[in-house]
C-alpha cells in the first residue's frame, strides 16, 4: 500500500506542521491564488543540470590548463627530480579525471536534493547534498526580489531568484535553476500583500 501524502490539520484550529517530501515525488497542485497547495516540493527546471555542467567543464578546463602549465614549466626548469615526471603526470591525469567526474555528477545530485514550496506563509527551500538545509522566508519579511538571467541561463531556460529580507540572519536568499516563468510567479506571490491575495 502506498504511503498517504501528508495532509493539512484534521480539525479547525489545529496547528499545521509542515512535512517535507522529496522534490518531484508527486505533482504540485496550485490553489486559486496561485500558491502551492499541500506539502509537495517543486523541483528545479530540467535545464539546471546541463547549464551547471557547462560551467563545471569551463572551470575544469581552466584548472587543467593551469596544472599542465605548472607541470611543463617544472619539467623545463628542473623544479623537481626527473624520476618524478611520470608519477606527477599520473597524478595530473587522475586529478583531471576526478574533476571531470564531479563536474558531471554534482549537478545531478544538486537537482535531486533541491526543492521549494511557495505558500501563503512564504517561501520554503530545501537543499543540500550531504548537509541538508531548510530555509523558510516569511512573506512579511520580504523587502524586494530580483530575477536575473545570464546568457547561459537563457540558453537553457532557467533563471536566478534572489529574495532580500529584513530582520533575518540571511538577508539575501538565492534560488538558482528555476524556469524564468516560475521565478516570476514566485516573485509575484512574495511581493503581493495579504489584501491582494484575499481579493483574488
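Read-outs throughout are calculated quantities, based only on the coordinates presented, and are distinct from any laboratory measurement. Because the structure is a prediction, the values reported are computed rather than measured. Note: ideal-geometry Cβ built from the backbone for every residue, glycine included; neighbour counts use all protein chains shown.
Once the Cβ-Cβ distance of residue 181 and residue 105 is raised to the sixth power relative to R0 = 30 Å, the FRET efficiency obtained is 0.60. The tail of the calculated P(r) for the stretch 77-124, taken as Cα-Cα distances beyond 13 Å, holds 72 percent of the pairs.
Computed extension gain for residue 75 through residue 144, at 0.36 nm per residue and net of the alpha carbon distance, reaches 19.4 nm.
When peptides 128-137, 81-90 are ranked by their average number of other Cβ atoms within 10 Å per residue, the highest-first order is 128-137, 81-90. Note on residue 85 and residue 63: with the Förster distance fixed at 30 Å, the Cβ-Cβ geometry gives a FRET efficiency of about 0.90.
Here the relative contact order of the stretch 49-110, from alpha carbon pairs under 8 Å that lie six or more residues apart, stands at 61 percent. Here the stretch 49-110 is described by how far its Cα atoms reach on the three principal axes: 42, 16, 10 Å, from widest to narrowest.
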